[in-house]
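What follows is a set of notes on a single structure, which appears directly below.
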Amino acid sequence: MGQALPLVAPLALAVGLWWLFTGAVLWASHRRPSGQRQAMVVATLACVAGVALAAESAQMPSLLGSYLGFCSVLLVWCWIELAFLLGWVSGPNRLPCPPQSTGWTRLMMAVGTILHHEIALLIAGLAICLPAWNAENTTAAQVFLVMYAMRLSTKLNLFWGVRNHYDGFLPGPTSHLSSYFRRRGLTPLFAVTAALASALTVLAWQQALSIQPSWAQARDAFVASLFTLSLLEHLLLVLPIRPERLWRVGSA
């Protein structure tokens, strides 16, 4: 029990910021154009600060370094997600998927809708992970890699087919993306990715519970918390509920 107590704060912070930042991005993306531009200015400043904090935290093998590393990635991630939802960094293809498109054609068109977003993620990943190369505190790098891998899994499942599409989360500039989603029951892809996410979540919590310095335990707790939240996001794709009810989004 005593070994688990240090994990409570990172878990609580991860859940709280996940809900808060997701809601903030959705709220900003559904505002009027002037409000969207203002939100992008704020998000851009936060992103620059996040990149700087990620590099700084890599040289800080301490609790503060682990917390800064985690928060820095969320600041960068918020900019990427908001820029994507607003269509600023999405892809060259902004057309709905033709009903007759299948197979390779549909895949290439779908890739075209998110190509610039994927490039932005790779650039952000390099900016966050390179400073952590041979550094002692790799919190920021590990957090980013977990978020990137699990988000890629979600995108693949949406493309292949799931029950819930998160259609209500897409504002006008990216509403065409929903035409590339399929509405299906459980698929082999979902079964494999959900099983893998579950296994990684268990392993991550086991690592977080191992005996190690407090800052390393906080790092592993953040990673395990994100695996848990990502598993929840996967389950929301198939459970008979409306994910939109977790956040109330409207125009402003």
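Okay, here's what the table says:
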{"item": "Residues R94 and N134, FRET efficiency given R0 of 35 Å [Cβ-Cβ distance, rounded to 0.05]", "result": "0.25"}
{"item": "Relative contact order [Cα under 8 Å, 6+ residues apart], the stretch 120-252, whole percent", "result": "28 percent"}
{"item": "Y67, Y166, Y180, ranked by accessible area, largest first (probe 1.4 Å)", "result": "Y67, Y166, Y180"}
{"item": "Between 0 and 90°, nearest 10: helix 33-57 axis offset from the chain longest Cα axis", "result": "30 degrees"}
{"item": "Carbon and sulfur %, accessible surface of the chain computed with the full protein complex present, 1.4 Å", "result": "72 percent"}
{"item": "Residue-span extension gain [L126 to Q59] - 0.36 nm each, minus C-alpha spacing", "result": "22.5 nm"}
{"item": "Point-to-point label distance, T102-V15, nm (Cα→Cβ direction, 7 Å offset)", "result": "4.5 nm"}
{"item": "Nearest-10 value in Å² for the accessible area of S175, using the 1.4 Å probe", "result": "60 Å²"}
{"item": "Relative contact order (percent, whole number), the chain, Cα cutoff 8 Å, 6+ residue spacing", "result": "28 percent"}
{"item": "Degrees, to the nearest 10: 103-129 long Cα axis against longest axis of the chain", "result": "30 degrees"}
{"item": "Surface accessible to a 1.4 Å probe, per residue, for the residues of the stretch 36-140, Å²", "result": "49 Å²"}
{"item": "Value of [θ]222 nm, deg cm²/dmol, for the chain, DSSP H segments ≥ 4, -39500 (n - 2.57) each, nearest 500", "result": "-22500 deg cm²/dmol"}
{"item": "Two-site FRET efficiency, I119 against R37, from Cβ-Cβ distance with R₀ of 35 Å, rounded to 0.05", "result": "0.95"}
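The values are calculated or read from the model by the stated rules, or taken from the named source; none is laboratory data. Bear in mind that the values here come from a model prediction, so they are computed numbers and not experimental data. Reconstructed Cβ throughout: ideal geometry from the backbone, glycine too, with neighbour counts over all protein chains shown. Surface areas here come from the heavy atoms of the whole protein model, side chains and all, with no ligands, DNA or RNA. Shrake-Rupley method; radii C 1.70, N 1.55, O 1.52, S 1.80 Å.
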